[in-house]
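Trainee: Below is one structure. I have some questions about it.
The values are calculated or read from the model by the stated rules, or taken from the named source; none is laboratory data. Note that the structure is predicted; figures quoted are calculated from it, not measured. Cβ placement follows ideal geometry from the backbone for every residue including glycine, while neighbour counts extend to all protein chains displayed. Keep in mind that these areas ignore ligands, DNA and RNA; they rest on the heavy atoms of the full protein, side chains included. Shrake-Rupley method; radii C 1.70, N 1.55, O 1.52, S 1.80 Å.
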Amino acid sequence: MSGAPEEGAETLDELRAYDLKILQQRDGYRFSLDPLLLCAFSCLAEGGRGIDLGTGSGIIPLVLARRCPVSTFVGVEFQERMAHLAEWNVHLNGLADRIAILREDVLGLRRRFPVSSFDLVLSNPPYRRRGTGKISPRAGRDDARHESTATLADFLESAKYLVKPTGRICFIYHPARLPELMAHAASLKLACLRLRLVHGTRTAPARMAMVEFAKGRRGDLEVLPPLVVRNDDYAYSAEVAELLGEYGPEGGYSTSEQ
């Protein structure tokens, strides 16, 4: 692992529900609720092997390593600085024996792994096409939100290559591109097994969609009840509060400067 992160450039955040400490860029991309929702949506048999495509600071493999204590994970990240932080987070939480961080583009994964290597493939891929939407002044945010070298189709093709026929693929994605996601999956002969929409409040339009796919099989689509993030009083719903560990007035997060 390379040298320590630059002092003053990161914050140290606690995710108490999973006993995790997460180094993140102070002014760059920071993880949101979405990867936590995806971890809860996914399922992995005890002792299985999972891979996260576009892991950022490593939040998905870190959380899943706590949820699945005998499974192993790979986090793939092509941004040098983000991959560096992910490596530090793995060591900071004592999980280097179960999580590997791979500095690689999604397009290069066929060179790295044999076909059907993983029981679970997850991704929170960039949901904006290159050249669309506002440009963020924070370093790394546009690469996390906008397609760069790899497109949505590339993420799905890599996921199909990596997952075992008995495994699962779980994506969280923007609902505006859900028809495109489904069309790409159908063209790859990926069966859509589960769909759950995420709403900010019970009356708000869906802001994200979580989808589970499998290859080499058929199955009826199960549309799950919607996940509502906040109640009418704008407090977190019970389901989301449990994910965050928000059981007391201080909440489930704390932040300190590095």
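Trainee: Over the range 1-132, what portion of Cα pair distances is larger than 27 Å, expressed as a whole percent?
Mentor: Numbers: 1250 of 8646 pairs.
The proportion of pairs with Cα distances above 27 Å equals 14 percent.
Trainee: To continue, here is another question. At what distance in nm do the modelled label points of residue 234 and residue 27 sit from each other, each positioned 7 Å from its Cα along Cα→Cβ?
Mentor: For residue 234 paired with residue 27, the spin-label model returns 2.9 nm.
Trainee: Something else now. Residue by residue through the range 44-60, which ³J(HN,Hα) values in whole Hz follow from phi under the Karplus form 6.51 cos²θ - 1.76 cosθ + 1.60 (θ = phi - 60°), with glycine and proline marked x?
Mentor: Couplings: 9, 5, 4, x, x, 10, x, 9, 10, 8, x, 7, x, 7, x, 4, 5 Hz.
Trainee: To continue, here is another question. Accessible area per residue of the range 42-82 at 1.4 Å probe, in Å²?
Mentor: Numbers: 1420 Å² over 41 residues.
Heavy-atom SASA per residue in the range 42-82 reads 35 Å².
Trainee: So, one more: At a 10 angstrom cut-off on C-beta neighbours, averaged per residue, how do the peptides 189-198, 168-177, 223-232 rank from highest to lowest? Could you put the intermediate results ahead of the total?
Mentor: Details: 189-198: 18.1, 168-177: 21.3, 223-232: 13.5.
My ranking of the peptides, most packed first, is 168-177, 189-198, 223-232.
Trainee: Still on this structure: Taking R0 as 35 Å, what's the FRET efficiency between residue 189 and residue 67 from their Cβ-Cβ distance, rounded to 0.05? Could the numbers behind the result be given before it?
Mentor: Working: r = 30 Å, r/R0 = 0.85.
The value I calculate is 0.75.
Trainee: Residues with beta-carbon under 9 Å from that of residue 170, excluding residue 170: net charge, scoring Lys, Arg +1 and Asp, Glu -1?
Mentor: Working: positive: 168, 194; negative: 212.
My count for the surroundings of residue 170 gives +1.
Trainee: Using only Cα atoms, locate the centre of the range 71-128 and the centre of the range 165-186, then give the distance between them in Å, rounded to an integer.
Mentor: Answer, in whole Å: 20.
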